[in-house]
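Presented below is the structure to which this report refers.
Only the coordinates and a few stated rules stand behind these numbers; no lab work does. Quantities reported herein were computed from a predicted structural model and do not represent experimental measurements. As a convention, Cβ positions derive from the backbone with ideal geometry for all residues, glycine included, and neighbour counts pool all protein chains shown.
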Ligand code: SF4
């Protein structure tokens, strides 16, 4: 079991191997479908004009993502009327939907850890090797438990994307994760997919 | 006929926060089958801790409370319009109380309504008039991650060598489990409908999921297929969360339907381990939650 804190050093990243358990602490942000699309279009490919508070938000998250972690999560949050936010349930969402965007985002922001569930594909694995970074798998559906790891909600950006799609800045303590893609081109997801394909072919042949 | 808004609210709270014991029991058995020290075992340990914590604190088991799907069976005399209004009020209230996440997104504008109320299909409510004097309401919360790995096949399916018979059904179901990998939060439960048209077939696959984990199919032929499929799906070795392991599916529930001579659909709804389903019955002033 590795205890890691954000920001994460290259040295720490490089020692991680698939299958390792990690306990993560520090300040990170949540982001899912809308956020990934917004980042790519507005700041990386620049196919969309900046508007509203885009630049301001960009500068705020840039600091946090440098050496940091991005959590694929659309939480349930209490205190929406008062602004005294509290995470009630906060498990991971399926990461593969961000596969077209993730690698470029990792490179652009020097993002070290992508957290989610279900794993990601070859583009992200290549970025993990280059940046270097890792993909950390949270336990899908363990939402009440994970919410307990969230010490406080520090800020929220782009709440107009909707509660699940906004960027929540949270401080976490001892978030339990498993390395399923490392910086050395290993992916448990690719391995399991290949192995189960062999079994499937046997079963289809009977 | 009285106002059931509060009863619906309690049904939603229970469904979101208190996993049915038959599902929990299956998860315990699955945990015990995984080898000590494996990522699979620790994943299921975490899952079970989470289930206990959600029940104790009355917080959602999973943050994705999905599409609320209500199946209402009402005796003659109940107004479906009134019931729909009460259900929608309860859903909005449950969202305000954080039993549900605001999940209704307008597909055209991208705007989230904030209270889980969208068009008539969100929340989804099916009504059916029945004999007798008991109102029965089943609720399922169907998460998005597992809904996305659901799939429908039209047999014959040449690539898989799947013909229009139960052997063909077996092949496509196994293929679906392989394609899903861990992405539907494995270990899951498969609801499978054989027959119907494209719409009714998917609908049937969700109905099949209401059968209890330990309740076998009344049709011996289908019961045997359910058992075989559970065993073979687990041979794939995908395991909890796709980490590799002994249990990939907790069970398979099949429903046979009628089909057109020209069509042979097999529809598979993948239900994640967070298999949130509850029943409420109302007779006079007596309300029960099962
Ligand atoms: S698939 Fe189920 S357990 Fe997993 S995140 Fe979605 S609703 Fe939750």
Using the Kirkwood radius over Cα pairs of the stretch A:35-132, the Stokes-Einstein translational diffusion coefficient at 37 °C and 0.692 mPa s, in µm²/s and rounded to a whole number, is 224
Quotient of Cα radius of gyration and Kirkwood radius for the stretch B:145-271, i.e. Rg/Rh, equals 0.94
Across the residues of B:228-240, average count of Cβ atoms on other protein chains within 10 Å?
3
Tell me, rounded to the nearest percent, the portion of alpha carbon pairs in the stretch B:6-80 spaced more than 21 Å apart.
43
Students often get this wrong: which residues of the stretch B:197-231 have the backbone nitrogen under 18 Å from the point 7 angstrom along Cα-to-C-beta of residue A:202?
B:228-231
For a Förster distance of 51 Å, can you work out the FRET efficiency between the beta-carbons of residue B:28 and residue A:53, rounded to the nearest 0.05?
0.60
Exposure proxy check: A:107, A:97 ranked by fewest other beta carbons within 10 Å?
A:107, A:97
Using the basic label-point model (7 angstrom from Cα toward the beta carbon), what is the residue B:45 to residue B:197 distance in nanometres?
5.2
Can you give the helix-only mean residue ellipticity at 222 nm for the protein assembly as shown, where every DSSP H stretch with n ≥ 4 adds -39500 (n - 2.57) and the sum goes over all residues, rounded to the nearest 500 deg cm²/dmol?
-11000 deg cm²/dmol
If a/c stays under 1.5 just call it rounded; otherwise compare a/b with b/c (prolate if a/b is bigger, oblate if not). Do that for the stretch B:1-156, with a ≥ b ≥ c from the square roots of the Cα gyration tensor eigenvalues.
prolate
Name the residue, out of A:68, A:121, A:141, whose mean-square fluctuation peaks in a Gaussian network model built on chain A with Cα pairs under 10 Å.
A:141
Hull-based mean projected area of the stretch A:122-206, where the convex hull spans the alpha carbons, in square nanometres
8.5
State the percent of C-alpha pairs, over all pairs in the stretch A:1-56, separated by a distance greater than 14 angstrom.
68
Give the distance, in whole Å, between the Cα centre of the stretch A:26-52 and the Cα centre of the stretch B:237-290.
37
Please compute the modelled spin-label separation between residue B:79 and residue A:41, points set 7 Å along Cα→Cβ, answer in nm with one decimal.
4.4
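Neighbouring Cβ atoms within 10 Å as the yardstick, rank B:62, B:185 fewest first.
Going from sparsest to densest Cβ surroundings: B:62, B:185.
Over all residues in A:195-206, what is the mean tally of Cβ atoms on other chains that come within 10 Å of each residue's Cβ?
Counting Cβ atoms of other protein chains within 10 Å of each residue's Cβ and averaging gives 6.
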Return the single residue from B:206, B:255, B:142 with maximal mean-square fluctuation; model: Gaussian network over chain B, springs between Cα atoms under 10 Å.
B:255
Give me B:70, B:243 ranked fewest to most by other Cβ atoms within 10 Å of their Cβ, as a rough exposure proxy.
B:70, B:243
Whole percent per 20 Å bin, from 0 to the bin with the longest distance: what is P(r) over all C-alpha pairs of the protein assembly as shown?
24, 56, 20, 0
Along each of the three principal axes of the Cα atoms of chain A, give the extent in whole Å, ordering the values from largest to smallest.
59, 38, 38
Over chain B, consider all pairs of different Cα atoms and compute the Kirkwood hydrodynamic radius from their mean reciprocal separation; express it in Å, one decimal.
19.8
First measure r as the distance between the Cβ atoms of residue A:80 and residue B:6, then evaluate 1/(1 + (r/R0)^6) with R0 = 22 Å and state the FRET efficiency to the nearest 0.05.
0.45
The equivalent-ellipsoid semi-axes of the stretch B:69-204, taken as the square roots of five times the Cα gyration tensor eigenvalues and listed largest first in whole Å, are 32, 21, 13
